[in-house]
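Presented below is the structure to which this report refers.
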Amino acid sequence: MPILRTLLASALILAIGGAVLTAATDGFHAFTSETARRLDVQRDPPPVPTVALETQSGTLINLTSLRGRWVVVDFIYTRCLTWCLALGGEFAQLQDQLAGPLADGKLVLLSISFDPAHDTPLQLGAYQQRFGGHADGWIAARPTRDADLRQLLRTFGVTVVPDTMGGYVHNAAIQIVDPQGRLVQIVDAGNPQAVAQIMRQHLAR
Amino acid sequence: MTARGQRPLPALAALLFVAMLLPPARQWLEGSMTLQMLVQIPLLVGVGYLLAPAIPQRIDAYLARWNHGGITSVVLASLVGLFWMLPRSLDAAVTEPWMAIAKFVSLPLLLGLPLGLGWPRMGFVVRGVFLLELIATFFRLGWLYLVSPVRLCNNFLLDDQQRSGEYMLVIGGLIFVGVAAKLLWGRFDQS
């Protein structure tokens, strides 16, 4: 009898454990939190928060005031020597590839700094110029309050950790916000052609 | 050994558990992937394992009726172990309070304790399968963490991840040597 009971108990535990593991991995699709955040926004696009941002020209805008346009968002800090360099170059390339819709005001590129203490409007402008970018259709901005920054990182699912050299490491990616102000898609950074292609498809729809 | 003689171990385990709950200890052990995976989690499992002698004889005997040969223990421990091997769980355990609670509860009570209760009931074959699977898991995960070019956890750095991978290969190797030594020179109960 103990053998039967053991079989029963093991089968029950296996069933419960299997269900928990299925739920914990979104049906064995997401084993990392990065995949999970991408699946999450596709399934249930979160609205971007209502926060004020100070741009490279020193003007204050609200993130929700960009509604009506598609917004391509990345998170940066201007002292960065690794990923944000790639991201900056990528945005400069996107400016060329998507020049049409950017000029028509159907689309805007937005770099948000998560190091607002250091990234003054001056630094943000210099960051854009470093990549041969220009201000047309590309906003580089910093949040004005700590609470706003935390809310932005939380909504966009961006995790920033200090590295060992006084800088930061973060899950760099390209976030796409639709004209209704919802975060609808997150794609890998490092491939501006693919991002431009995705945006053309969105805009054509 | 009498039941009273075994009490120091559970008391030590309880003390260790409380110490690990202290904010400075958590901050330190959760500050790096290597420390969380290879120190904090194993210690929490150890806490549960050492608590086993504190379980009253009556309850232990009752549970044993559902745990022939320690099989149920192995199934439960493996599933809970699998859950805490997901990079996603390690990430969430650092940022989400409810996942931190789940970690501190499930690792001692659903992994360590079942192993502590089930281990004496396991025969040669069950122990062998469990240990070999443990070694293989360390090698598989270690290799994955060592060669992955992307960060598997958003909260930890890539060099930390690779260091975890190296240590996992070393730990897997050490357990393997231990098992091999036991097979070659160890003494086995006739059961």
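Values in this text are rule-based calculations from the coordinates and carry no lab data. Just so it is clear, the structure is predicted and the values come from calculations on it, not from any experiment. Cβ sites come from the backbone with ideal geometry, for glycine too, and all protein chains shown count toward neighbours.
The set of residues in the range A:19-49 that are at the interface with chain B (Cβ under 8 Å from one of its Cβ atoms) and not hydroxyl-bearing (S, T, Y) comprises A:V20, A:L21, A:A24, A:A30, A:F31, A:E34, A:A36. Look at (1) in contact (Cβ under 8 Å) with a residue 24 or more places away in the chain; (2) out of contact with any helix residue (DSSP H, G or I) (no Cβ under 9 Å at 6 or more places or on another chain) and you find that A:R205 fails only one, number (1).
Could you tell me whether A:T22 is exposed (fewer than 15 other Cβ atoms within 10 Å of the Cβ) and either in a loop (DSSP other than H, G, I, E, B) or in contact (Cβ under 8 Å) with a residue 12 or more places away in the chain (or both)? Answer is no for this residue. The residues of the range B:158-187 that are within 14 Å of another protein chain (Cβ to nearest Cβ) and touching a residue at least 60 places away in the same chain (Cβ under 8 Å), listed by number, are B:D160, B:Q161, B:R163.
Counting the residues of the range A:47-61 that are surrounded by fewer than 15 Cβ atoms within 10 Å (Cβ to Cβ) and in a loop (DSSP other than H, G, I, E, B) gives 4.
Quick check on A:A172: is it of a type in the set (G, A, S), closer than 25 Å to A:R37 by Cα and crowded, with 17+ Cβ neighbours inside 10 Å? In short, yes.
Within the range A:64-72, does at least one residue satisfy the condition of being touching a helix residue (DSSP H, G or I) at 6+ places or on another chain (Cβ under 8 Å) and more than 14 Å from chain B (Cβ to nearest Cβ)? Taking every residue of the range A:64-72 in turn, at least one turns out to be touching a helix residue (DSSP H, G or I) at 6+ places or on another chain (Cβ under 8 Å) and more than 14 Å from chain B (Cβ to nearest Cβ). In the range A:130-167, of all residues being in contact with a Leu (Cβ under 6 Å, 6 or more places away or on another chain) and within 12 Å of A:F114 (Cα to Cα), the one that is surrounded by the most Cβ atoms within 10 Å (Cβ to Cβ) corresponds to A:A140. Considering the range A:2-18, the residues that are within 8 Å of chain B (Cβ to nearest Cβ) and over 48 Å from the mean Cα position of the chain (by Cα) include one that is nearest to B:F83 (Cα to Cα), namely A:T6.
Among the residues making up the range A:55-90, those that are closer than 17 Å to A:H202 by Cβ and not charged (D, E, K, R) are A:L66, A:G68, A:W70, A:V71, A:V72, A:V73. If you check B:L79 against the conditions, is it under 13 Å from the mean Cα position of the chain (by Cα) and either within 14 Å of chain A (Cβ to nearest Cβ) or buried (at least 22 other Cβ atoms within 10 Å of the Cβ) (or both)? So B:L79 passes the test. Scanning the range A:156-178 for residues that are facing another protein chain (nearest Cβ under 9 Å), touching an Asp or Glu at 6+ places or on another chain (Cβ under 7 Å) and part of a strand (DSSP E or B) turns up just one, A:V169.
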